[in-house]
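Throughout, read-outs are computed from the coordinates displayed, never taken from laboratory work. Keep in mind that what you see is a predicted model, and the values were worked out from it rather than measured. Every residue, glycine as well, gets a Cβ built from its backbone with ideal geometry; the counts of neighbours run over all protein chains shown.
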Amino acid sequence: MNELRVDISKIYNYIGKEKIYGLKTKAEAANEALHKKTGKGNEFLGWINLQSSISEAEFNQIEETARKIQKEVDIVVVIGIGGSYLGTRAVVEATSDTFIHLKENTDLPYVIFAGQNIGEDYLSELIELLNQKRYAIVVISKSGTTTEPAIAFRILKTHLEKKVGEDKAKELIVAVTDKSKGALRKLASQKGYKTYVIPDDVGGRFSVLTPVGLVPLAIGGVDIRALVNGAVQMEQRCSGKSAFENNPSALYAAARYSLYQKGKKIEILANFDNKLHYLAEWWKQLYGESEGKEGLGIFPASVDLTADLHSMGQYIQEGERILFETVVSVAKPGYNLIIPTDKEDLDGLNFLAGKNIDSVNKMAELGTILAHIDGGVPNIHIEIPEINEYYLGQLLYFFEKACGISGYLLGVNPFNQPGVEAYKKNMFALLEKPGFEAETKNIKNRLK
């Protein structure tokens, strides 16, 4: 079977191959530490072998929940933020018809997201839509008190209960939360919601292959078994016993760490397929939150090409040489749309007549890579055979495992996020939340 491939050869002119392969021992040790749980943050390594331990009974339970909800609703609103939302959205956007929301008579509910912002316009307009639609809610939160999703859930729960009644609403709300504690767990027990558990040893940004992602994805019609099977295959390729040269995650981690040591402080994840836009958003959280600490880390950015060649292309080509580029490429498109001949040829495109759109896109991709390399931008190339659940599962696990290895090479704990609390402390103080009186006084003095 075809599989994900990683090509780091185009950075050898910037970082000698011997330099990257010189990290073999360290990278293999980092990978082994992940599997043996001997490194920093080892209490959050449940994701390492998670996908290969999902039982048939667990799949059946999730799929049964999905079937029940699919029969009842037109829309499923997934409430979550960060890791409780980005992985799910990445897979939904990649596997769904781009314009499904404009098409009628679809068999599956349309997946909409909430709780990922505090935008009053967004929630107000969502409620206007939900007034006209049958909908269910999947709320995802370990604690149930994270501000953004908690606000959204309070508002939408109230709306749903008023619309269909409390008894019916409880059948249309699924909670993915802690096993035994937290506000959402307590509420779910009181109300009688169907619940799924977020494992204690899996952090949010590594949780897409837990019920955090699998439950809403199954409701949205994603083949979760194929997604998990792809991840299992990549887990095997990147096992703790895998040799460096055969481990794509280790190669990627070593390549980017080598570039970082040479002053490349920004990594741009580029794609040439719009369906991978949210894959890049998920990737940015994964690497930004895992590596950005102690004054260290590569800054993760992303571009959608060719569109962003007309906005960011100039900087990438000729700006300050502090960045490198990782291109995620798709070998085979899902369609075969042919460019027609035009009798007048006013646009001068008859030389492309008879070619499919993807062949033009592939040449744009290759031409861009060559131009950026010539412009001093090292390039790493990742290719998946096509966009489907199986290969997305490979890609998700590949990036997760590489992130763990990268963090250990960097010397940080890739599984905590202490800096995330800083804005929350200030926000609660400004909102005069009980218990933050001292912080409120301090901030008011600062703002005078």
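Give a residue-ordered list of calculated ³J(HN,Hα) values for the range 258-271 (Karplus: 6.51 cos²θ - 1.76 cosθ + 1.60, θ = phi - 60°; whole Hz; x for Gly, Pro).
Running phi through 6.51 cos²θ - 1.76 cosθ + 1.60 with θ = phi - 60° gives 4, 5, 4, 5, 8, x, 7, 9, 10, 10, 9, 8, 10, 10 Hz.
Ordered by packing density, taken as the mean number of other Cβ atoms within 10 Å over each peptide's residues, highest first, how do 135-141, 183-189 rank?
Order by mean packing, descending: 135-141, 183-189.
Which order do Met312, Met363 fall in if you start with the one that has the fewest other Cβ atoms within 10 Å?
Met363, Met312
Of the listed peptides 395-405, 118-128, 70-80, what is their order by residue-averaged count of other C-beta atoms within 10 Å, with the highest listed first?
Ranking the peptides 395-405, 118-128, 70-80 by packing returns 395-405, 70-80, 118-128.
If r is the Cβ-Cβ distance from Tyr12 to Glu320 and R0 is 25 Å, what FRET efficiency results, to the nearest 0.05?
For R0 = 25 Å, the calculated efficiency reads 0.65.
FRET efficiency for Glu437 and Glu171, Cβ-Cβ distance as r, R0 = 45 Å, nearest 0.05?
FRET efficiency, Glu437 to Glu171: 0.60.
Return the long-range amide H neighbours of Ala136 (sequence gap of 5 or more, or a different chain), with a cut-off of under 5 Å between placed amide H atoms.
HN-HN under 5 Å from Ala136: Ile75, Val76, Val77.
Rounded to the nearest 5, what % of DSSP beta bridges with both residues in the chain are antiparallel?
Within the chain, antiparallel bridges account for around 10 percent of the total.
Skipping prolines and chain starts, which residues have an amide H placed within reach, meaning under 5 Å, of the one on Ala114, given they are 5 or more residues away or on another chain?
Hits under the 5 Å cutoff: Val78, Ile79, Gly80.
Under 18 Å from the 7 Å Cα→Cβ point of Arg154, by amide nitrogen: which residues of the range 64-82?
Output list for this probe position: 79-81.
Write down Rg/Rh for the range 2-123, rounded to two decimals, with Rg from the C-alpha atoms and Rh from the Kirkwood relation over Cα pairs.
Reported Rg/Rh, Kirkwood definition of Rh: 1.10.
Most mobile of Leu286, Leu172, Leu430 per a Gaussian network model of the chain (Cα springs, under 10 Å)?
It is Leu430.
Among Pro333, Pro434, Pro418, whose mean-square fluctuation peaks in a Gaussian network model of the chain (Cα, cutoff 10 Å)?
The residue with the greatest mean-square fluctuation here is Pro434.
What residues qualify as long-range amide H neighbours of Thr326, i.e. H under 5 Å apart, gap of 5 or more or another chain, H built at 1.01 Å from N?
HN-HN under 5 Å from Thr326: Ile268, Leu269, Ala270, Ile380.
Read through the labelled values (i) 32.2; (ii) 23.5; (iii) 22.4 and report the label of the one computed as Kirkwood radius over Cα pairs in Å from the structure.
Answer by label: (ii).
Using θ = phi - 60° and the Karplus form 6.51 cos²θ - 1.76 cosθ + 1.60, what ³J(HN,Hα) does each residue of the range 194-208 get, whole Hz, x for Gly and Pro?
Here the 3J(HN,Hα) series is 5, 10, 10, 9, 8, x, 4, 9, 10, x, x, 6, 10, 9, 4 Hz.
Would you kindly derive the ³J(HN,Hα) couplings of the range 25-36 from the backbone phi angles with the Karplus curve 6.51 cos²θ - 1.76 cosθ + 1.60 (θ = phi - 60°), listing them in order in whole Hz, with x for Gly and Pro?
5, 5, 5, 5, 5, 5, 5, 5, 5, 5, 6, 8
Given the C-alpha centroids of the range 128-205 and the range 240-293, what is the distance between them in whole angstrom?
Taking the Cα centre of each part, the range 128-205 and the range 240-293 sit 33 Å apart.
What's the local net charge at Gly87, with K and R +1, D and E -1, over the other residues with C-beta under 10 Å away?
So the environment of Gly87 carries a net charge of 0.
Connecting C-alpha atoms closer than 10 Å in a GNM of the chain, tell me which of Ala57, Ala150, Ala364 has the biggest fluctuation.
In this elastic network of the chain, the residue with the biggest mean-square fluctuation among Ala57, Ala150, Ala364 is Ala57.
Suppose R0 equals 41 Å. What FRET efficiency, 1/(1 + (r/R0)^6) with r the Cβ-Cβ distance, do Glu344 and Ile266 give to the nearest 0.05?
Computed FRET efficiency for Glu344 and Ile266 comes out at 0.35.
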